[in-house]
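One structure is given below, encoded as structure tokens.
The values are calculated or read from the model by the stated rules, or taken from the named source; none is laboratory data. From a predicted model like this one, the values you see are computed outputs, not experimental measurements. Because the Cβ atoms are built from the backbone with ideal geometry, glycine has one as well, and the counts that use them run over all protein chains shown. For the accessible areas, the whole protein counts, side chains as well, though only heavy atoms, and no ligand, DNA or RNA atoms are used. Shrake-Rupley method; radii C 1.70, N 1.55, O 1.52, S 1.80 Å.
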Amino acid sequence: MTIKKKTSLHFLSMPLFLASAPVLIWADDRPPFPEFVDAAQELGVTFVHDSGFDGKRYRVVETVTGGLALLDFDSDGWLDLYFTNGRKIEPGAQPPRNALFRGQGDGTFKEVGAAAKVDDPELSLGCAVADIDGDGDPDLYVTNWGPNRLYRNNGDGTFTDIAAAAGVALTSMDSGCVFFDMDGDGDLDLYVASYVIDEQREYPPCYVRGIPGYWPPRNYPAAPHHLLENQGNGRFAEVSALSGIRNVDPGRGLGTVSADLNGDGHPDLYVANDTTANYLFLGDGKGKFTETGLVSGTAYGEEGAEMGSMGIAAQDYDGDGRLDLCVTNYQNQLNNLFRATGRDFFEDNARLAGIAEGNLPEVAWGVGFVDLDNDGWRDLFIANGHLNPGAHEIDQRTSYPQRKRAFRNLGNGRFEEVSRSCGAAVETPRVSRGIAFGDLDNDGDLDAVVLNSGGKAEVLRNEGGKDNGWCFIRLIGAGLNRDAIGALVAVTAGGRTQWGVRHSAESYLSANDPRLHFGLGQARKIDQIEVRWPDGKREAWKDLPARRLITLTEGKRDFEASELPARKTAAGN
Amino acid sequence: MKLIGKFLITGGFLILGACDGGSRDRGRSGPAAAADAYQQSLAPAQQALARHPRHPRLLQVLGAIHHRRGKFREALECYRQARREDPEAAEPLFSLAEVHLQLGENAEAMEAYRQALPLLPANEKGRALFGLGQACFNAGQFGEAASHLRAALGAGAGGAEVHYQLGKALDAHSRGLKSIPGHEKESEQAALEGIQALEAAVAQSPAHAQAHFLLGGMYQRRNQMVRARQELETFRRVKPPSEALKEEETARAEVTFLARSLVQIAGALIDLGDHGEALALAREAVRADGSFVEARVLEGRALLKLERFDEAQQAYQQALDRDRDQAESLWNIGKIHLRRNRVQEAAPLLLKAVEIRKTFAEGWELLVELSQEHSLFADRAEEFATKALGLRPSPKNYSNLAMVCFSQGNAEKSRQVLLEGLKRYPHEPELEEGLRALQQTLKR
């Protein structure tokens, strides 16, 4: 069913995004947090990751592989899954390949990587998804240790790698990547973080207390990162030096996000660096960036130490209209919960917010501020896993596989750990890396897909009750940035407003559901949705239905509210 | 020589030799580079415990071996047993607390620190209070953490680190209070006190990078942007660079740990009178890490106990070759010379040892004896006697100082010293006799 409704179009005359919102705090009779069930096998998601470790040689790159993407490459309304894969030094005749699992509409998935021509055999690390040519279907960028790929979606179920022709076939050990419109010219530019320069031939282990493991990243020189400007003609030009992103100490880059983090209307970049200070590049909207990690309070951990930073979530968790950051870190370092204070300054609230306890033994990677129980507050979900198989031998507190952590947002700036009630799939230790969130079964709640290093992928199906309302928002921007990457959306329902930003990549080297998800609690309808589009225009729509996929098109007064596609069979959810 | 002989057969030889593992030269990597020091340390510790079951110090060493290897549960068990065997010792409680802290068991860590408090002399209580503060901070009890850290400072636990931890706790406390309506004033007070604490930390240790970092953030929150920038710039300047891990460092760490463990076991065995086994372990430590000064010292100590004086002197000399200020080696070589009536050779070594370890009362006492019986350091006799008395106000030391003053012609001061001694020890025969003799002499 599709509802089409006309509504008044508001160009906002005041910064409504910063308006204070009433705080809704759940009483103690909160409903139980959803359980998650690993449905990978049942759904046909058979992906097995190969980290590239051969049991003898310890290449640092093997420790950091593992991004994935949720996208709807065939525009059928069902999410598809793209997994990156590693590669051994001697991969043999049949090297592991990246894989694309097509959501078939009946709840199951089928691997179509070869048919779609995205089954890259290179050693891949991460990916980002965006419609870079404005043709209405998602394209895919994949970072490799070797030439990166830019898979242009042909719209017929196949892709073509145009990286070389587009000038983005970088060959460094690249990791995080994001598309964003850095200069406001309407097309999507590309930031590519690089990890380290590794020119070794032999890879002997590093013995710590007699136990072999990987040499720490600080033993490798950091690789320079890249900023590539879309020329609007299908080609990208490297502007790394000109843009200011190289006016920094080199960082071993991993997770990367772009969003307007200081609320000035221009997209910024945040880069999680491993054992080097994290970057916060504030953009001027014209393609120039100034690094402000130290002064913004986002470069280091709580004691001024460089962190082994991995993944990033960038959304507003406390409902104040400002984007906050959660950065995942290495063992013996707390994850950062950088709460935006509104003065170009963030404060690390990990301890105050209640996410610090039990964190130190974990090596944390994929992360999301995601409303898993649809109560209208973004919860926090983190995927963990060590990188040294012998980790437990030298520290009983930790282990190679580790459990995931789920924290329920209490709506008062604090979180409560609920991992134990999330079921065995969350509690079972895995060597997790990337995690991506999206509604795989189109039932209105967020599921999660986890890439486990050297192991089977998990599809964590959200089995939560359907009592709370929700909406998904699909944005269609004007011009070449048709996915409206960078748009900020404010949804007002049930007396409060929550915000969400449209990313091309987030978490750990991964891309989430392209539809923005909002839990609505008990609200039966949405009072208003406001969008600040990437080009700065602001629009608002009023009186929208809940429990729908709402499509908003820049400059169009109508919105489209449709039910999520139903399964082809009646079985299941 | 009677006095000198007494020193030889008591602990006087050894009292300087507490092994802290801190005195060693660096840079060499032994052949056992990549070996597993854990297994190599474990066996002798277990064997020593088999010879001396449930000995608390050996249990403590075994616990430390497990602890360092990340075997926290085994370490806890050893420390708990050590605690049971010696309920008056604080060290097992500190070790227990440290493991609990690392396991995130903050309540248990707090309990261990609380139990340690009454066992400590007043001037050491700060250590337990500091630990309590850290445990409370980790548990998110920032206000309580600040209270304990203030108390630690009050108990004399100085140092930039205590001020820094107090500042950190107060910053967190202030931020926590800020979000609670009605607590704004309290939050502001905590923030101001936190800044004071951090300023104290950087005043004591200008290169305390974390304190500058935190101060930068606190000033930023208070919109004092100039101060904030200054602190952050200082942080950037003083922050130590991150350096690559070198293979020899990891190997070196293993060798050092092995040698240190063996030395600790040997030290405990010497105290237990198991000198032969201690010597074997000390020599094993020397083989593991020839540059580890404490291993040579322990070898010398064991040989001394076995009355193998030539070899002991040789071992101590090897320690001195690596660390010419190694006090126990200086002292005991000096004592060996004395034993052989080589007073002239002994005297400078003994003096140097005591000047390094200024709180060694027996040392000053011996120097007094040397000055009186051998006319050595005559011009410093009063200084020696004064220091001996200051450290140990015994009747004998009152008497000695009085004698030195008298022999230097200062009869009045001699009388004053004796009177003061008698005030402290009324009717003490030695002092009464000394006073009578002095008065008779003065009458004549």
Are there any residues in the stretch B:162-194 with a reduction of at least 50 Å² in accessible surface when going from the isolated chain to the assembly of protein chains? Probe 1.4 Å, please list them by number. B:Arg175
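Per residue of B:210-222, how many C-beta atoms from partner chains lie within 10 Å of its own C-beta, taken as a mean? Let's see the in-between values first.
Working: counts 6, 2, 1, 9, 3, 0, 4, 9, 1, 0, 8, 5, 0.
For peptide B:210-222, the averaged partner shielding equals 4.
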Spin-label zone in the stretch B:345-387 - amide nitrogen under 14 Å from a point set 7 Å from the Cα of B:Glu420 along the C-beta vector: B:382-387
What's the angle, to the nearest 10 degrees (0 to 90), between helix B:395-407's Cα axis and the longest principal axis of chain B? 60 degrees
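What is the sum of charges around A:Leu261, taking Lys and Arg as +1, Asp and Glu as -1, for the other residues whose C-beta is under 10 Å from the C-beta of A:Leu261?
Numbers: positive: A:Arg322; negative: A:Asp260, A:Asp264, A:Asp268, A:Asp324, A:Asp344.
Neighbour charge sum, excluding A:Leu261 itself: -4.
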Can you give me the Cα centroid spacing of the stretch B:274-331 and the stretch A:321-394 in angstrom? 51 Å
Hydrodynamic radius of the stretch A:75-155 per Kirkwood, over alpha carbon pairs, in Å: 13.4 Å
Thinking of chain A as a set of Cα atoms, what percent of all their pairs are more than 36 Å apart? 26 percent
Of all DSSP beta bridges with both partners in the protein assembly as shown, the antiparallel percent, nearest 5, is 95 percent
Under a point spin-label approximation (7 Å from Cα along Cα-to-Cβ), what is the B:Ala411-B:Glu124 distance to one decimal in nm? 4.7 nm
Sequence ranges A:189-196, B:337-344, ranked by mean other-Cβ count within 10 angstrom, highest first: A:189-196, B:337-344
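If you take the beta carbon distance between A:Asp76 and A:Glu202 as r and set R0 to 45 Å, what does 1/(1 + (r/R0)^6) give as a FRET efficiency, to the nearest 0.05? Provide the component values of the computation, followed by the final result.
On the way: r = 48 Å, r/R0 = 1.07.
FRET efficiency, A:Asp76 to A:Glu202: 0.40.
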Divide by every residue of chain B the summed helix terms, -39500 (n - 2.57) for each DSSP H run of at least 4, and state the resulting mean residue ellipticity at 222 nm, rounded to the nearest 500 deg cm²/dmol. -24000 deg cm²/dmol
For the stretch A:369-459, count the residues as N, evaluate 2.2 N^0.38 Å, and divide the Cα radius of gyration by that value, please. 1.16
Isotropically averaged projected area of chain B, using the convex hull of Cα atoms (one quarter of hull area), nm²: 27.5 nm²
Quick one: the Cα spread of the protein assembly as shown along its three principal axes, in angstroms, biggest first? 125, 67, 53
Carbon/sulfur fraction of accessible area - chain A, other protein chains in place, 1.4 Å, %: 50 percent
Summarise the partner chain shielding of A:354-364 as one whole number: the mean count of Cβ atoms from other chains within 10 Å of each residue's Cβ. 2
Cα pair distances of the stretch B:328-444 binned at 10 Å [whole percent]: 15, 42, 29, 14, 1
Global size of the stretch B:30-245 as Cα Rg and Dmax, reported in angstrom: 20.7, 65
Quick check on packing: order A:349-357, B:388-396 by the mean number of other C-beta atoms within 10 Å, highest mean leading. A:349-357, B:388-396
Give the Debye-formula value of log10 I(q)/I(0) at each listed q (0.14, 0.27, 0.29, 0.31 Å⁻¹), with one equal scatterer per alpha carbon of the stretch B:363-405, two decimals each. -0.22, -0.84, -0.96, -1.09
Using a 10 Å cut-off on Cβ to Cβ distances, tally the other chain neighbours for every residue of A:207-214 and report the average as a whole number. 5
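Can you pick out the pairs among A:Lys117/A:Lys456; B:Lys71/B:Lys305; B:Lys335/B:Lys387; B:Lys335/B:Lys358 whose Cα atoms lie more than 24 Å from each other?
B:Lys71/B:Lys305
For the pairing of chain B with chain A, what total accessible surface becomes buried, with a 1.4 angstrom probe, in square angstrom to the nearest 100?
Roughly 3200 Å².
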Quick check for you: with a 1.4 Å probe and neighbouring chains kept, what is the accessible area per residue of chain A, in Å²? 33 Å²
I'd like to compare B:281-287, A:537-543: which one has the highest average count of other Cβ atoms within 10 Å, and what's the full order after that? B:281-287, A:537-543
Along the Cα→Cβ direction, 7 angstrom out, place labels at B:Arg84 and A:Asp264. What is the inter-label distance in nm? 6.5 nm
